[in-house]
Amino acid sequence: MEDLDPQTLITTTRHRCAACFQQFKKKEHLVAHMKKSHHSVHQPKCGVCQKHCKSFESLREHISGPLAKAQCSSIFSQYGCQLCMKVFESPISLGEHKDQCVLTTPDCLGTINIPYIEYKALQDVNYIDKDLKAVAIDCQMVGCGSDGSLDQLARVCLVDEEENIIFHTYVEPQISVTDYRYELTGLTEEHLIDAMPLRKVQEKISQILYNGESIGKARLDGGKAKLLVGHNLEHDLDCLLMSYPEKLLRDTATYRPLMKTNLVSHSLKYLTKTYLGYDIRLGTHDTFQDCVSVMRLYKRMRSQEHQDYKTATSCTKQNLIFDNGTSKDLENMSPDELFQISTPNYQCWCLDSRPRDPP
């Protein structure tokens, strides 16, 4: 019998990532993987096997896609919520949860006889100190230019976390409208007669968002300024001809856990159906309905429980090891230790539920 090469008798040591379970032949490859993957406790996690995924779409593929893990798929089909992706101990617990997790469709505000709406309290200095952590915004555009392709703001709506309208108005376009896009907006020329000038709209929205403080204060440390929630906020702000501190923006179109695996945005209609359980935009685009939906998405993401504040702070400080530590130091760490010092490359919205740092 031919002698076997002793090397073939050596069992190859595999180094498994503690987050996504990917395996590597060499420890240095695992370290490189951890550096670029940005795994953290803030990533969506399978409630069965505890595997971390980069997005909720990746998690859905893990439990119900063409190559789903059989055990996870089987258990999740019996005990898992398709909306929030949590796994429960029994079908009874799951049923009780679904009664609260599946939300009802918000009423449409419509376009007929809608007056200008603003909280009277906005004129009261006491409103400035009211603790509304986030405000959702939605804008409607009409078409201008020779071919109607130039977006111009025609309607804007803001709601608070309790889904109350705090501001709504039609907006006077700055140039002539060539396409009211009636099938999408439900707007006609009559809606924009005596509409509010854009400058006044900007002043009203700034008053709400900056909460009585200076723009400089908001840009420095946030201050009392509100978080601005929306879908494709960059486009809305462009049409408003406004800017807002990036650290105070919460955009459901660019929030990594809600994006496709290739980092392309989902539509608000898809996100609402997938994560809230109801349909929107069955007719025209309704600003109030979209505002409420985007606020609900934000609050659902914000309510996730990942880790306590002390642990999050500790991990952030330890992450300096990835930047400054030698390869040898990192390779001597276990997969669990590497995961402990890894941090996400996005701001998890669950951190918004914690108090802001004092100035």
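Before moving on, here are some points about what is shown:
Yes or no, residue by residue, for (1) farther than 30 Å from Gly186 by Cα; (2) touching a residue at least 24 places away in the same chain (Cβ under 8 Å); (3) surrounded by 12 or more Cβ atoms within 10 Å (Cβ to Cβ):
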residue	(1), (2), (3)
Phe56	yes, yes, yes
Glu61	yes, yes, yes
Gln71	yes, no, no
Ser74	yes, no, yes
Gln82	yes, no, yes
Phe88	yes, no, yes
Pro91	yes, no, no
Asp99	yes, no, no
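- As a summary of the residue check, Ser40 satisfies the conditions (1) open to solvent by 80 Å² or more (accessible area, probe 1.4 Å); (2) touching a Cys at 6+ places or on another chain (Cβ under 9 Å) except for the one numbered (1).
- Positions within region 334-343 being in contact with a helix residue (DSSP H, G or I) (Cβ under 8 Å, 6 or more places away or on another chain) and not in a helix (DSSP H, G or I), in sequence order: Ile341, Ser342, Thr343
- Subset of region 69-126 that is at pLDDT 85 or above and among the charged types (D, E, K, R) - its residue that is nearest to the chain's Cα centre (by Cα): Lys86
- Subset of region 289-306 that is under 30 Å from Ile341 (Cα atoms) and touching a Cys at 6+ places or on another chain (Cβ under 8 Å) - its residue that is most open to solvent (accessible area, probe 1.4 Å): Glu305
- Test set (1) under 12 Å from the mean Cα position of the chain (by Cα); (2) more than 23 Å from His38 (Cβ to Cβ) - Lys273 fails condition number: (1)
- If you filter region 279-288 down to residues that are in contact with a Lys or Arg (Cβ under 7 Å, 6 or more places away or on another chain) and open to solvent by 40 Å² or more (accessible area, probe 1.4 Å), you find that the one that is modelled with the highest pLDDT is Asp279.
The values are calculated or read from the model by the stated rules, or taken from the named source; none is laboratory data. Note that this is a predicted model, so its numbers are computed, not measured. Every residue, glycine among them, receives a Cβ derived from its backbone with ideal geometry; neighbour counts consider all protein chains shown. The accessibility values were calculated without ligands, DNA or RNA, using every heavy atom of the protein model including side chains. Shrake-Rupley method; radii C 1.70, N 1.55, O 1.52, S 1.80 Å.
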